[in-house]
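Please read the structure below before turning to the comments.
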Amino acid sequence: MQRTLSIIKPDAVSRGLAGAVLAMIQDSGLTVVAMKMIHMSKAQAEGFYHVHKARPFFADLTAFMCSGPVVVSILEGDDAIARYRTLMGATNPANAEEGTIRKRYALDIEKNSVHGSDAPETAAFETAYFFSNLEIVG
Ligand code: CMP
């Protein structure tokens with residue numbers, strides 16, 4: 001069993017797509033063990049994406065991520081990190097495969113609808129960034 005952090009980003013939440021994205025997640029067999037809707041401050045978005053601090057897109061990315069509510073959740077399952085990344089599709093939706101969340105809903109590389117942890121170490125940091133143990137079921 002493995003856990004990963006999912007964020008349904010402001011572009012998807014604002015278009016009323018949170019339910020549709022969650023349905024794709026649950027249809028894939030991943031289990032939601034924690035979930036909430038939050039509206040991040042700039043400082044909270046910068047802390048979450050600190051590994052990208054030196055990237056040219058950092059300012060735009062963090063401004064976008066605090067531009068509206070997001071739905072954060074923890075997904076659990078065998079190989080959950082890789083399975084969720086496959087379900088999300090490529091970071092740039094222009095390269096995303098059919099049947100993926102980003103192919104279906106993402107607008108561009110920034111407004112790409114969803115985030116998922118990319119490794120066990122980042123999943124541990126990211127799940128703890130948003131959730132305490134008391135908020136995780138199962
Ligand atoms: P995410 O999986 O949330 O991780 C970092 C995010 O930076 C990524 O999704 C993209 O939405 C965003 N981003 C914006 N511009 C770029 C870029 N040129 N290359 C990679 N990621 C980018």
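Does any residue of the stretch 42-50 turn out to be within 14 Å of the ligand (Cβ to nearest atom), open to solvent by 20 Å² or more (accessible area, probe 1.4 Å) and without any contact (Cβ under 8 Å) to a residue 12 or more places away in the chain?
Within the stretch 42-50 (the criterion being within 14 Å of the ligand (Cβ to nearest atom), open to solvent by 20 Å² or more (accessible area, probe 1.4 Å) and without any contact (Cβ under 8 Å) to a residue 12 or more places away in the chain), the answer is yes, since at least one residue qualifies.
Within the stretch 108-136, how many residues are under 15 Å from Val70 (Cβ atoms), open to solvent by 60 Å² or more (accessible area, probe 1.4 Å) and within 11 Å of the ligand (Cβ to nearest atom)?
Residues flagged as under 15 Å from Val70 (Cβ atoms), open to solvent by 60 Å² or more (accessible area, probe 1.4 Å) and within 11 Å of the ligand (Cβ to nearest atom) within the stretch 108-136 amount to 1.
May I ask you to list the residues in the stretch 1-14 that are surrounded by fewer than 19 Cβ atoms within 10 Å (Cβ to Cβ) and within 16 Å of the ligand (Cβ to nearest atom)?
Across the stretch 1-14, the qualifying residue is only Ser14.
Among residues belonging to the stretch 91-107 that are outside any helix (DSSP H, G or I), closer than 20 Å to Leu75 by Cβ and open to solvent by less than 80 Å² (accessible area, probe 1.4 Å), point out the one that is nearest to the ligand (Cβ to nearest atom).
Ranking the qualifying residues of the stretch 91-107, first place goes to Thr91.
Mind listing just one residue for me: the one in the stretch 20-31 that is open to solvent by 50 Å² or more (accessible area, probe 1.4 Å) and part of a helix (DSSP H, G or I) and, of those, nearest to Leu75 (Cα to Cα)?
Of everything passing the filter in the stretch 20-31, Gln26 is nearest to Leu75 (Cα to Cα).
Select from the stretch 67-86 the residues that are within 13 Å of the ligand (Cβ to nearest atom) and open to solvent by less than 50 Å² (accessible area, probe 1.4 Å) and write down the one among them that is farthest from the chain's Cα centre (by Cα).
Ile81
The values are calculated or read from the model by the stated rules, or taken from the named source; none is laboratory data. Nothing here was measured: the structure is a model prediction, and the numbers come from that model. As a convention, Cβ positions derive from the backbone with ideal geometry for all residues, glycine included, and neighbour counts pool all protein chains shown. Note: accessible area is taken over every heavy atom of the protein model, side chains too, but ligands, DNA and RNA are not part of it. Shrake-Rupley method; radii C 1.70, N 1.55, O 1.52, S 1.80 Å.
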